[in-house]
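Here is the structure we will look at, set down as structure tokens.
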Amino acid sequence: MDFKELKEMTAVVNRNKVKNIEILGSSKGKKETLVNRLYDGIVKGKYADDEAAMLDLFPEDEEQRNKYRKLKYRLTRQLINTTFFIDTKQAGFTDRTKAFYNCYRDFSAAYILLTRGAYQSSFYLLKRVLEHAEHYEFIELAAEVCSHLRKISARFAKSKQEAKKITDLHRKYERMRSAEAKSFDYYEDLAKDFRRGNTNAKQLNKQATEYYTTLKPLLEEEHSSGFAFHLSQIGYIKFVTVNDSTNLLDLNYKLFPEMLQKSGSGVSQIFTVAAQRLECLTQQRTSIDINGTDFSAYCLKLAESVPGLTTWYNAHTLCTYNAFYTKNYQRALELFNSITNSPYFKNLPDTFQEKWRLISGYLHLLAELDQLDKTQVREIAGEFRFNKFINDFEHIDRDKGGLNIPLILLPIIFQLAKGNFKEEFGRSIEALDKYRIRYLNTDANARSATFMKLLLAYTQAPYQPEHTARAIQRHLEKLQNQPLAVIGQEFVVEVIPYEDLWEMLFKKTGAVLGNALEPKEKRPRGRPKKG
């Protein structure tokens, strides 16, 4: 900054009495003490509400309510002022986050200087802000800065070329801002219904398709990482609502590398799109993408750079399901050990912890089906006491629309894995069939309903072998024609794909039934033709 610009800024600040600007901890005397007492009491949880704070700070004061109201207002103002002095050098601030805070703070200062007539110094500050806004793709800020620069560029630009460059940049960033705002608007319009689990998937798909078709041509023009992210999420909703992992994966391969190259992409956005690729790979029963990358390992490593418990949890959950779907059961056990022994695990909500208790039950089932070492599973997942385990699910058991399906299936498969085909087992089977008829008569639960029919038929194998063999074949063919649905699921109902469970179950117990379930040759109907 030149001295004449510095002199101009100093004059503006001096006229506005900087010494009267209060920030938290800067005042002296009684008022400062009361403000800090209120601040400390709130931060340390000493005050439950306004009433408690007022009684503590102004005990038996006739004007306590009025004094407390003024004190609270003073604290509010000091907190607002103090936000401009937040130390971005502390841990937890990424380079992009630091740039974001600094850019908006400098922009605010430049705008104030501009309104006070300090044109030279504000022009200088605005150009500095623009450099960082361009680098980190703060599109809205860049458009706003260019707008103000254009107003004074004729007087303060160094040349006509610089003034023209500012004009061109303003037009460019306004186009980008418009595209980004439109993509944001479309995505949020879809997300409000998608997050609520709207059952009208066809209508949601129709709307997402319209939005996607409108925005996709803008990819050929200059666009921001924010636009690419929102387009990817609109595409995600479009393809998830018709369970189309193939086209969703193609879109991901197109947009994800571009997001990685742009400095404007936040790590949370990058992880979101990466996680969606892993969902698609899981549905396609692999962890390796077209680049030969083990994307399960990639997502775990990426999650380390994203602050927050939710990302850490989601990464482990996605990778564990991927291990189940790729038949890498040992890795699933290792991931279970990693997450349940983490100090963060106890801070997870009860609903999340229940999901992992359910996974522990399926790890014990895999051990019973000879896919994992029983001793190792007991050491990692604990002893498996069946009756206690089943009663340890408050949230999952309460849901009758799908979340409780793996919990209901587990005891049936476990008993069959132990070779229990006794007739008294029939009461549990009858209850399972009633549940299927009552709750699973929906497209979303079609695979679960078919698998339950398959298990129901199998329980009759010792008593009606020929009839059972035909029923099993029929249900298996139907199950194989019903596609998996992993993408877009907040809770994966098939902890292990049903086809894999059936294969392991039949391999373990089919031998005890002899050849009764072997498919028989079909005999021709009617009388044989005369030769």
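Phi-derived couplings, Karplus 6.51 cos²θ - 1.76 cosθ + 1.60 at θ = phi - 60°, listed residue by residue for the stretch 99-114: 4, 4, 4, 5, 4, 6, 5, 5, 5, 4, 5, 5, 5, 5, 4, 5 Hz, with x used for Gly and Pro.
Divided by 2.2 N^0.38 Å, where N counts the residues, the Cα radius of gyration of the stretch 35-84 comes to 1.14. Seen through its C-alpha gyration tensor, with square-root eigenvalues sorted a ≥ b ≥ c, the stretch 300-415 comes out oblate because a/c lies at 1.5 or above while a/b is not bigger than b/c.
For the chain, the convex hull spanned by the alpha carbon atoms encloses 244 Å³ per residue. Loop-located chymotrypsin sites (Phe, Trp or Tyr not before Pro) in the stretch 343-406 (DSSP state other than H, G, I, E, B) with a sparse environment of at most 14 neighbouring Cβ atoms within 10 Å: Tyr344.
In terms of the ratio Rg/(2.2 N^0.38 Å) built on C-alpha atoms, what value belongs to the stretch 77-193?
Values: Rg = 16.3 Å, N = 117, 2.2 N^0.38 = 13.4 Å.
Normalised Rg, Cα atoms only: 1.21.
When the alpha-carbon atoms of the stretch 141-254 are used, the pair Rg, Dmax equals 18.5, 60 angstrom. Between the stretch 302-317 and the stretch 124-194, the alpha-carbon centres lie 32 Å apart.
Calculated [222 nm] ellipticity per residue, helices only, for the chain: -21500 deg cm²/dmol; basis is -39500 (n - 2.57) per DSSP H run with n ≥ 4, divided by all residues, nearest 500. Normalised by 2.2 N^0.38 Å, where N is the number of residues, the C-alpha radius of gyration of the stretch 349-519 stands at 1.02. Across the stretch 349-519, C-alpha contacts under 8 Å between residues 6 or more apart give a mean separation that, scaled by the residue count, equals a relative contact order of 24 percent.
Working from label points 7 Å from Cα in the Cα-to-Cβ sense, the Asp189 to His467 distance is 5.6 nm. Net charge within 12 Å of Phe100 by Cβ-Cβ distance, Lys/Arg positive one each and Asp/Glu negative one each, not counting Phe100 itself? That works out to -1.
Computed from the coordinates by the stated procedures, all read-outs in this text should not be read as laboratory data. Everything quoted here is computed from the prediction, not taken from an experiment. Positions of Cβ are backbone-derived with ideal geometry, glycine not excepted, and every protein chain shown enters the neighbour counts.
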